[in-house]
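Below is one structure; the comments refer to it alone.
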Amino acid sequence: MDAVWLARLQFALTVGFHYIFPPLSIGLAWMLFFYQTRFLKTGDPLFQQLSRFWMRMFAITFAVGVATGITMEFQFGTNWAAYSRFVGDIFGAPLAAEGVFAFFLESSFLAILIYGEKRVSRKVYWLSSLLVAVGATLSAFWIVVANSWQQTPAGYHLVNGRAELTSFWEAVFNPSTLPRYLHVITGALVVGTFFIIGVSALMLLKKRHVAFAERSLKSALIPFFLSILLVMGIGHGHAVQVAKTQPAKLAAFEGLWETRTGAPLVLFGIPNAKTEKTDWEISIPNGLSLMVGMSKDTKVQGLKDFPKEDRPPLLTTFFSFHAMVYLGGWFALLATMGLFLWWRGTVTQNRLFLSCAALTIPLPFIANEVGWIAAEVGRQPWVVYNLMRTKDAVSASVSAGEILASIILFSLIYTLLFGVWVYLLGRQFDKGPQPLEEEVRS
Amino acid sequence: MITLQVIWLLLIGILIIGYAILDGFDLGVGCWHLCAKKGKERSSFIHSIEPFWDGNEVWLLTGGGALFAAFPAVYATIFSGFYLPLMLILLGLIFRAVSIEYRNKVEDPRWVAAWDIAFSFGSMLPSLLFAVAVGNLLRGLQLDAKGDYTAGFLALLNPYSLVIGLVGFSMFALHGALYLAVKTGGETQYKARRWAAQAWRVYAVLFFVAAGWTASCYLRNGVVLPFVLATLAVVALGLIKAFNSKGDDLKAFLASCASIALVMLSVVAVLFPNLVIATNDPALSLTIFNSSSSLRTLSVMLVIALLGMPVVIGYTIFIHRIFKGKV
């Protein structure tokens with residue numbers, strides 16, 4: 001097996017595994033802040049109970065997120081030395097900023113959130129919940145900045161055989177940073193809010209901790225509904241930006257071969273690289289042109305405009321993108337159904353809704369993963385779009401055998417960690433919330 | 001430009017020294033963990049570092065990010081050259097992190113015992129390997145014209161670097177024992193002091209062996225500064241011993257912080273102005289002058305550092321005040 005392919009596999013595995021956890025932490029962090037705010041305002045011990053229960057789920061998740069995150073930062077250097085030399089002048093700064101501005105904030109106040117409830121006042125505790133959420137959200141910003149620069153590089157010039165910074169702000173707010181960042185954060189909110197709904201639904205189905213689960217489920221319905229609306233709206237804006245800045249990627253997302261006006265929106269199909277057609281295509285006429293430019297006369301670039309060696313891998317890009325979109329649709333349906341049943345007063349009894357919600361628990365994670373796969377595989381064959389090819393980016397001093405050995409090692413460990421994570425979440429589920437605390441601590 | 005390059009060398013030095021001092025005591029506690037009695041004593045070890053380890057590890061992340069940003073060529077050469085050791089360090093750090101958070105979640109002795117082992121080995125492996133890496137930097141690496149390391153994994157396990165590895169390992173073990181003496185009480189505190197005294201003897205011997213070996217073989221550029229810094233490190237070492245014997249745990253721990261900082265500064269002084277020395281051809285060496293980022297990037301990053309680092313130091317002090325006292 002060749003080293004480039006293995007290095008890509010290692011990166012995909014480690015980032016894919018890592019990315020299970022931060023979206024859940026970010027989403028839950030904001031829900032914890034919401035509970036803490038309600039608790040501070042109303043003094044209702046139920047909010048404290050909600051906060052404490054979901055806090056334990058959060059802590060279990062956060063640990064794996066931190067542990068697997070450090071692998072990512074090392075890996076640019078270990079596996080992609082040529083890339084690191086080429087982009088270091090630009091790419092390193094956001095990583096350092098992430099540490100200075102986000103991780104220190106997050107980790108310090110996380111300690112108070114997890115271990116310090118008895119050591120600080122209620123207000124400081126509330127503030128800590130806010131700062132952890134802010135820290136987590138900021139860390140996502142800097143890493144998305146770095147990744148967005150790979151997608152749509154800006155604020156640089158090429159000298160001395162590398163990309164050097166000409167404008168920090170142009171590099172930070174490159175054309176794709178904001179749409180991608182907002183899409184990622186709202187995607188994380190979908191994961192966090194739905195996790196609460198899904199797990200509460202499972203409790204209700206199993207008739208465990210019923211009173212708690214009823215309040216818990218209801219508390220997350222509106223946040224979930226808002227998050228899914230936002231993620232879809234911003235996702236649409238992001239796709240329009242991709243059409244402008246990375247047309248080959250959009251064409252691969254949509255399975256569009258010919259550059260044309262009145263481009264169809266492919267609902268289903270199998271893109272065929274040999275015949276340069278999409279087989280079994282079911283599509284809405286003019287749909288894509290309408291989506292991209294609000295008019296059926298909008299011209300959308302097709303794959304045939306790009307030389308074969310510049311096209312992203314078609315099947316992965318196309319299917320992961322479509323899976324993400326369909327999952328988003330399903331979440332929107334479920335959120336609407338939940339709100340409707342809440343209005344009817346039956347949301348905590350309706351077995352169909354509860355079963356759907358319980359079965360959906362893994363799906364927001366999957367939606368986030370396939371979204372990233374679409375974004376990253378769709379960038380190929382470039383590691384920095386139109387500047388450096390992935391195959392030219394690897395470390396010369398690392399052999400295929402070494403990469404393979406570490407892939408095997410990390411796969412074993414990650415499988416173990418995943419099992420432990422699920423097991424501990426399950427135990428927390430069985431234990432349920434602590435009994436309500438009646439007297440109010442000051 | 002030269003000023004900025006030197007400033008960035010120092011800033012990265014501060015980050016890595018901060019990491020070694022702060023996460024050093026976490027790692028050191030882990031080195032002793034299996035020597036503690038099962039049950040309460042081991043739990044108190046975990047509790048002593050529980051609120052801190054995550055913030056401490058951020059120093060490493062930030063140091064790595066800063067190295068990438070300020071000296072990308074060095075980051076690329078070192079990280080790809082030390083591929084397997086770094087993978088093992090990551091493995092250790094992953095297990096260490098997860099063990100601290102998960103160990104006390106289930107009250108089954110087998111569960112606890114398994115995470116205890118993971119925690120201890122997860123701490124010992126990085127303690128040793130970080131220092132082996134430093135040994136290789138002092139010794140120099142075989143590089144090609146692009147700056148890629150060419151001699152392979154086994155060449156990293158040379159006797160000199162292994163000795164430096166043991167120096168680092170005993171340094172962290174000493175540091176961790178001194179930290180435990182500060183953070184625990186009763187019988188455990190006495191035990192930690194004894195451990196510190198034992199670790200001190202091993203560390204002192206290894207320190208002089210390593211200093212002598214380095215001075216005779218690898219002192220390439222200037223003698224004065226490394227000599228001064230190493231002498232100061234010896235003074236700090238003496239203070240550790242004195243305070244430890246008197247039972248003044250906090251001062252002994254602070255002396256150990258100073259000793260770590262001085263040892264690491266003397267490493268920088270031995271290397272300066274190089275960061276990676278090419279043994280096969282000095283012209284291929286990566287110095288702070290030929291491997292840095294552009295003037296603009298270094299300036300922007302300096303602004304980030306000046307804005308951010310005071311706040312970071314604030315957080316660190318704040319957290320240690322909230323969780324002050326014995327566990």
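If you take the Cα centroid of the stretch A:179-196 and the Cα centroid of the stretch B:203-254, the two points sit 51 Å apart.
Listed by Cβ neighbour count within 10 Å, with the fewest neighbours leading, A:THR278, B:THR77, A:THR261 appear as A:THR261, A:THR278, B:THR77.
Measuring between their Cα centroids, the stretch B:290-327 and the stretch A:19-86 lie 22 Å from each other.
Taking amide H positions as modeled 1.01 Å from N, with prolines and chain starts lacking one, the residues under 5 Å from A:TYR156 and 5 or more places away or on another chain are A:THR166, A:SER167. In straight-distance terms, cross-link reach from A:LYS218 covers every one of the lysines whose alpha-carbon lies under 27 Å from its own, apart from those fewer than eight places away in the same chain; here that gives A:LYS41, A:LYS123, A:LYS206, A:LYS207, A:LYS431.
Scanning residues 5 or more positions from A:MET388 or on other chains, those with amide H under 5 Å from its amide H are A:VAL383, with H placed 1.01 Å from N in the peptide plane.
Our coupling estimate for the stretch A:164-179, obtained by passing each phi through the Karplus curve with A = 6.51, B = -1.76, C = 1.60 and θ = phi - 60°, is 10, 5, 10, 9, 4, 5, 5, 5, 5, 9, 5, x, 9, 4, 5, x Hz, Gly and Pro reported as x.
If r is the Cβ-Cβ distance from A:LEU40 to A:ILE222 and R0 is 25 Å, what FRET efficiency results, to the nearest 0.05?
On the way: r = 20 Å, r/R0 = 0.78.
E(calc), rounded to 0.05, equals 0.80.
Take A:LYS244, project a point 7 Å from its Cα along the Cβ direction, then tell me which residues of the stretch A:145-174 have their backbone nitrogen under 17 Å from it. Under 17 Å, as judged by backbone N against the label point of A:LYS244, lie A:148-149, A:151-155, A:170-174 of the stretch A:145-174.
Once fully extended, how much extra length lies between B:TYR190 and B:CYS217, figured as 0.36 nm per residue of separation less the alpha-carbon to alpha-carbon distance? Could you put the intermediate results ahead of the total?
Details: separation 27, 0.36 × 27 = 9.72 nm, distance 4.04 nm.
Gain on stretching B:TYR190 to B:CYS217: 5.7 nm.
Look at the dipole of the protein assembly as shown built from charges on Cβ: of A:ALA93, A:PHE39, A:SER25, the Cα furthest out on the positive end belongs to A:PHE39. Have a look at A:GLY401, A:LEU229, A:GLY345 and report the one farthest towards the positive end of the charge dipole of the protein assembly as shown, computed about the Cα centre with Cβ charges (Lys/Arg +1, Asp/Glu -1). After comparing all options, I get A:GLY345.
Could you list the residues of the stretch A:304-328 with an amide nitrogen less than 16 Å from a label point located 7 Å from the Cα of A:LYS277 in the Cα-to-C-beta direction? Under cut-off, by backbone N: A:304.
Multiplying the residue separation of A:LYS123 and A:LEU352 by 0.36 nm and subtracting their alpha-carbon distance yields 78.4 nm. Write down the Kirkwood hydrodynamic radius of the protein assembly as shown, to one decimal in angstroms, obtained as one divided by the mean of 1/r over all alpha carbon pairs. Evaluated on the protein assembly as shown, it is 27.6 Å. The charge dipole of the stretch B:2-322, taken about its Cα centre with unit charges on the Cβ atoms of Lys, Arg (+1), Asp and Glu (-1) only, comes to about 680 debye. Largest mean-square fluctuation among A:GLY269, A:GLY198, A:GLY27, in a Gaussian network model of chain A whose springs join Cα atoms under 10 Å apart, belongs to A:GLY269.
Given DSSP loops and a limit of at most 15 other Cβ atoms within 10 Å, what is the longest stretch of chain A that contains no such GluC sites (Glu not before Pro)? List each step's numbers first, then the result.
On the way: sites that count: A:GLU258, A:GLU276, A:GLU437, A:GLU438, A:GLU439.
No qualifying site falls inside A:1-257, the longest such stretch.
Rounded to whole numbers, the Karplus 3J(HN,Hα) couplings from phi for the stretch B:49-54 are 10, 3, x, 9, 4, 5 Hz, using 6.51 cos²θ - 1.76 cosθ + 1.60 with θ = phi - 60°, and x at Gly and Pro. Dipole orientation for chain A: of the candidates A:VAL240, A:ILE413, A:GLY328, A:GLY328 has the Cα lying most toward the positive pole (charges on Cβ; Lys, Arg +1; Asp, Glu -1). Considering only alpha-carbon pairs that sit under 8 angstrom and 6 or more positions apart, the relative contact order computed for chain B is 24 percent.
Note on A:ASP89, A:ASP310, A:ASP279: ascending count of other Cβ atoms within 10 Å places them as A:ASP279, A:ASP310, A:ASP89, the fewest first. Calculated FRET efficiency, A:TYR326 to A:LYS296, Cβ-Cβ distance, R0 = 35 Å: about 0.90 to the nearest 0.05.
Just rank A:ARG119, B:ARG42, fewest to most, by other beta-carbon atoms within 10 angstrom. Write down the numbers at each step before the final one.
On the way: A:ARG119 16, B:ARG42 22.
So the residues, fewest neighbours to most, are A:ARG119, B:ARG42.
With the alpha-carbon atoms of the stretch B:78-222 aligned to their principal axes, the span from lowest to highest coordinate is 56, 31, 20 Å, starting with the largest.
When its C-alpha radius of gyration is set against 2.2 N^0.38 Å (N residues), chain A gives a value of 1.03. One decimal place: the segment A:ILE361-A:ASN160 gains 67.4 nm when fully extended, by the rule 0.36 nm per residue minus the C-alpha distance.
Per DSSP helix of 4 or more residues, -39500 (n - 2.57); summed, then divided by the residues of the protein assembly as shown. What does that give at 222 nm, rounded to the nearest 500?
Working: 26 runs with 556 residues, N = 769.
Estimated from H runs of four or more residues: -25000 deg cm²/dmol.
Put a dot 7 Å past the Cα of A:ARG52, heading toward its Cβ, do the same for B:VAL6, and the two dots end up 5.7 nm apart. Per residue, the convex hull spanned by the alpha carbons of chain B comes to 125 Å³. With a threshold of 19 Å on the Cα-Cα distance, the over-threshold entries among B:LYS37/B:LYS241; A:LYS244/A:LYS299; A:LYS304/A:LYS391; A:LYS118/B:LYS326; B:LYS37/B:LYS246 are B:LYS37/B:LYS241; A:LYS304/A:LYS391; B:LYS37/B:LYS246. For a label point 7 angstrom out from the Cα of A:LYS431 toward its Cβ, which stretches of the stretch B:104-141 have the backbone nitrogen within less than 12 Å? Of the residues in the stretch B:104-141, B:104-108 have backbone N under 12 Å from the label point off A:LYS431. Residues with amide H under 5 Å of A:THR278's amide H, sequence separation 5 or more or different chain, H placed in the peptide plane at 1.01 Å from N; which? Amide H neighbours of A:THR278, under 5 Å, 5+ apart: A:ASN272.
Distance between the C-alpha centers of the stretch A:208-278 and the stretch B:118-152? Whole Å please. Distance between centres, Cα-based: 44 Å.
Charges were assigned to the Cβ only: +1 to each Lys and Arg, -1 to each Asp and Glu. The resulting dipole of the protein assembly as shown about its Cα centre is roughly 1700 debye. Using θ = phi - 60° in the Karplus curve 6.51 cos²θ - 1.76 cosθ + 1.60, the 3J(HN,Hα) couplings for the stretch A:231-245 round to 5, 6, x, 5, x, 4, x, 5, 5, 4, 5, 4, 4, 7, 9 Hz; x is entered for Gly and Pro.
Values quoted throughout were computed directly from the atomic coordinates according to the rules given, and no laboratory measurement underlies them. It should be emphasised that the depicted structure is a prediction, and the values quoted were computed from it without experimental measurement. Glycine gets a Cβ as well: all are built from the backbone with ideal geometry, and neighbour counts include every protein chain shown.
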